[in-house]
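S.K.: I have a structure I would like to understand better, so I am pasting it below and will then ask my questions one at a time.
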Amino acid sequence: MNNWKHWRLETDADNLAWLTFDRAETGTNTFSSETLRELGDICSTLSALAKKPSGLTILSAKENGFAAGADIDEFTTLKSAEEAFAFTKLGNDVFDQVDALPFPTLALIHGFCMGGGTELALACKYRIADDGPKTKMALPEVMIGIVPGWGGARRMPNLIGAAQALDLMLTGRAVDGKRAKRIGLVDAATPQRHFKNAAKVLLSKPPALHQPAFKDAITNWPVVRGFVASASLKQVAKRARKDHYPAPYAIVDLWQNFEGDPRKVPQDHPYSISSIFKHPTTANLVRIFKLQDRMKALGAGTNVIKHVHVIGAGVMGGDIAAWCASKGFTVTLQDLEHARIAPAIKRAAEMYKRRLKLPHLIQAAMDRLIPDVKGDGVAHCDLVIEAIVENADIKKKLYAEIEPRLKPTAILATNTSSIPLQELSQALARPERLVGIHFFNPVAQMMLVEVVEGPQTSSEVMQASQAFVKKIDKLPLPVKSAPGFLVNRILTPYMTEAQVMLEEGIPAEVIDAAARDFGMPMGPIELADTVGLDVGLAVGTELAKPGGPQPKKIQELVAAKKLGKKTGEGFYKWVDGKPQKTNGSGTVDLAPLWMRMTLPAVNEAVACVREGIVVDADLCDAGVIFGTGFAPHRGGPINYLKSAGKEKLLAEMKQLEQKYGARFAADAGWQTI
Ligand code: NAI
């Protein structure tokens with residue numbers, strides 16, 4: 001029976017069949033057409049047996065998880081809507097075969113169980129998950145602009161109720177094993193080492209199938225369905241516009257009107273697989289997903305860092321230290337006095353409670369995070385991350401003190417937002433060991449970390465830094481050291497233009513609405529208040545172009561200590577963490593406003609690519625999206641330029657230049673992009 005490339009089927013002495021998913025030539029299980037066809041073939045073989053197994057357990061041979069979903073490489077080679085539909089139908093048909101097997105079936109889930117992985121598990125009669133935090137079950141299709149098309153949108157609502165299932169499908173959020181058990185997604189959560197036993201016990205006496213609790217079951221009733229759908233759509237509308245992101249709307253429609261089965265949706269329907277496949281957002285989101293993989297690969301080298309010493313326990317340093325300790329590193333955290341370290345330790349404890357959940361994991365992370373006022377860690381660490389005040393002289397003074405104490409192999413990294421490494425390395429004996437490891441705020445949420453290469457930084461230090469960033473589960477983006485590096489440099493002219501518009505009398509609400517109309521997750525005025533006007537002013541001043549605008553209002557607000565959200569007032573007044581917006585955007589035509597704000601950012605992105613700040617346009621787009629949230633459905637500034645049409649945007653730039661001056665002059669890079 002064993003002639004399948006990606007699956008191993010064995011039957012034990014108790015007549016239980018064990019089907020191990022072990023996709024050939026890769027470390028991660030994903031579903032290609034070939035793996036699906038083989039699974040279908042296995043189901044046919046098992047169904048046709050004269051002596052059928054008394055149960056079947058499906059498990060994964062891969063260390064990292066059960067299955068990571070559909071093979072995205074195959075997905076991106078699909079050439080037509082017909083091929084996309086055929087791929088969807090294949091997965092659906094095969095998982096239906098699993099569902100129809102005439103004996104009890106069980107999925108044993110550890111690690112990643114995403115998309116198709118969860119859909120296969122749902123097609124089994126029972127599910128057991130590893131109870132550790134590494135288990136991640138999700139239907140994250142919405143994040144790449146598609147719908148859970150292999151039965152997930154059908155089986156998950158039936159199993160756990162539509163309200164919970166829609167919440168998971170519309171956010172793409174993952175649940176760990178314990179939570180999966182609580183919501184009824186799995187029948188049991190137990191350590192992976194007990195899997196075999198647990199499977200044997202369950203299949204030797206199969207219990208009744210899980211039924212959703214009454215309060216969950218009624219959400220699927222036809223009379224209640226409409227209410228659930230409209231409540232979900234209300235939530236969706238807060239986060240995503242239909243024309244920007246059709247997938248979440250399609251998911252609700254699929255569940256409400258087509259029993260969660262995409263095979264039943266007419267192909268000319270606006271939410272059919274064909275329509276979604278053809279929508280530009282889908283291609284853009286899939287591209288971003290792949291760029292994320294490309295960035296991960298940039299950190300593929302061996303990590304040589306074990307002990308990290310963070311200097312500066314403020315907003316950034318404190319959170320960087322906490323994050324690194326949560327990822328298994330020993331971290332010493334230094335600041336001028338203990339009173340400045342204590343709040344960071346408190347924040348870390350709160351973060352660990354939220355993220356690590358299990359008491360022994362929280363305790364272990366706390367044990368790894370060591371306050372170190374004297375800076376003893378400097379002499380023992382493999383990596384220093386300096387996150388003290390943004391002042392070149394103070395930073396240089398600190399380096400002069402610590403450099404002689406560092407191990408020869410240690411790396412000295414700065415988290416500076418805007419000071420070029422050229423300047424910081426001036427007084428160093430070994431400038432080749434200085435690198436920028438530039439995190440974004442808030443550290444726990446922002447995926448991107450710029451790894452900044454100064455003219456003297458050695459390639460070994462770059463590689464080691466990139467591997468370290470990957471090891472802490474962030475996305476490393478190598479960039480050259482020039483003012484603002486990549487992300488802040490591109491963001492600054494956009495933020496500045498928004499403030500110039502504000503000073504011209506355009507209301508903050510209108511400016512913010514215009515940016516959101518373009519697809520930004522938050523408008524620039526609200527963003528400035530959120531980041532802190534002192535931080536924004538420092539970066540804006542450092543990166544201001546000679547002769548360029550220098551907005552006054554932000555200077556006045558900072559002088560008056562009105563720093564935005566953190567002080568309760570900035571451009572907006574803030575109440576309970578929310579900006580008080582007085583007016584909506586009314587009937588103003590928002591497109592010219594967002595054009596005026598976003599074109600300076602696009603222009604700067606073009607300049608960065610031309611100057612080689614980042615290795616190519618794709619990584620430029622990825623950096624801006626993961627560093628700033630730049631309208632993901634547009635695929636980043638350069639992709640936007642290409643899809644909107646270079647000539648059209650150049651004509652817009654020309655008009656803006658005539659009206660507002662040289663800051664809208666097109667960079668020379670437009671000729672070659
Ligand atoms: P912060 O003001 O919150 O924290 C700085 C900390 O450094 C303070 O606790 C201070 O006591 C400590 N410190 C100052 N001199 C020191 C010294 N000689 N030895 C030990 N500790 C010292 O500043 P924040 O916002 O955390 O910024 C730190 C660095 O990170 C800056 O270079 C900034 O440009 C950069 N950054 C800031 C971002 C932000 O959004 N705040 C984002 C990305 C980078």
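S.K.: What's the magnitude of the charge dipole for the chain around its Cα centre, counting Lys and Arg as +1 and Asp and Glu as -1 at the beta-carbon? Answer in Debye, nearest 20.
M.R.: Working: 81 positive and 73 negative charges, 279 e Å.
Computed charge dipole of the chain: roughly 1340 debye.
S.K.: OK, next. State which entries of 125/357; 353/581; 51/125; 5/264; 306/357 exceed 22 angstrom in Cα-Cα distance in the structure shown.
M.R.: Working: 125/357 29 Å; 353/581 34 Å; 51/125 20 Å; 5/264 32 Å; 306/357 24 Å.
The answer is 125/357; 353/581; 5/264; 306/357.
S.K.: Also, I was wondering about something else. Report the longest stretch of the chain that contains none of the GluC sites (Glu not before Pro) sitting in a DSSP loop with at most 10 other Cβ atoms within 10 Å.
M.R.: Details: sites that count: 25, 63, 337, 504.
Between the exposed loop sites, the longest stretch runs 64-336.
S.K.: Just rank 438, 6, 194, fewest to most, by other beta-carbon atoms within 10 angstrom.
M.R.: Numbers: 438 25, 6 22, 194 14.
Ordered from fewest to most neighbouring Cβ atoms within 10 Å, 438, 6, 194 come out as 194, 6, 438.
S.K.: To the nearest whole percent, what portion of all C-alpha pairs in region 522-673 is separated by more than 29 angstrom?
M.R.: Numbers: 2752 of 11476 pairs.
Tail of P(r) above 29 Å: 24 percent of Cα pairs.
S.K.: Continuing with the same structure: If all Cα-Cα distances of region 208-367 are sorted into 5 Å bins from 0 onward, what percent lands in each bin, rounded to whole numbers?
M.R.: 1, 7, 11, 10, 10, 9, 10, 12, 12, 10, 6, 2, 0, 0
S.K.: So for 452, 175, fewest C-beta neighbours within 10 Å to most, what's the order? Let's see the in-between values first.
M.R.: Numbers: 452 28, 175 21.
The fewest-first ordering by Cβ neighbours comes to 175, 452.
S.K.: Taking the beta-carbon count within 10 Å as an exposure proxy, list 352, 494 from fewest neighbours to most. Provide the component values of the computation, followed by the final result.
M.R.: Values: 352 22, 494 25.
Ascending number of Cβ neighbours within 10 Å: 352, 494.
S.K.: Assuming R0 = 25 Å, can you tell me the calculated FRET efficiency for the pair residue 63 and residue 93, based on Cβ-Cβ distance, to the nearest 0.05? Write down the numbers at each step before the final one.
M.R.: Working: r = 30 Å, r/R0 = 1.20.
Result of the calculation: an efficiency of 0.25.
S.K.: Which whole-percent values make up P(r) of region 602-643 when all C-alpha to C-alpha distances are grouped in 10 Å steps starting at zero?
M.R.: In order of increasing distance, the bins hold 35, 60, 5 percent.
S.K.: At R0 = 22 Å, how high is the FRET efficiency between residue 337 and residue 560 if r is their beta carbon distance? Nearest 0.05 is fine. Don't skip to the answer; put the middle values down first.
M.R.: Details: r = 29 Å, r/R0 = 1.30.
Efficiency at R0 = 22 Å is approximately 0.15.
S.K.: Follow-up question, since we're still on this one. Let me spell out the model: positive unit charges on the Cβ of Lys and Arg, negative unit charges on the Cβ of Asp and Glu, origin at the Cα centre of region 462-530. What dipole size does that give, in debye rounded to 20?
M.R.: Working: 6 positive and 9 negative charges, 163 e Å.
Here the size comes out at about 780 debye.
S.K.: Normalised by the number of residues in region 260-393, what is the relative contact order in percent for Cα pairs under 8 Å and 6+ residues apart?
M.R.: Values: 170 pairs, mean separation 36.7, N = 134.
In percent, rounded to a whole number, it is 27.
S.K.: Viscosity 0.692 mPa s, temperature 37 °C: what is the translational diffusion coefficient of the chain from Stokes-Einstein with a Kirkwood Rh over Cα pairs, rounded to a whole number of µm²/s?
M.R.: On the way: Rh = 27.1 Å.
Estimated via Stokes-Einstein, D reaches 121 µm²/s.
Throughout, read-outs are computed from the coordinates displayed, never taken from laboratory work. In this text the structure is predicted, and so the values were computed from the model without any measurement. Positions of Cβ are generated from backbone atoms using ideal geometry, with glycine treated the same way; all protein chains shown enter the neighbour counts.
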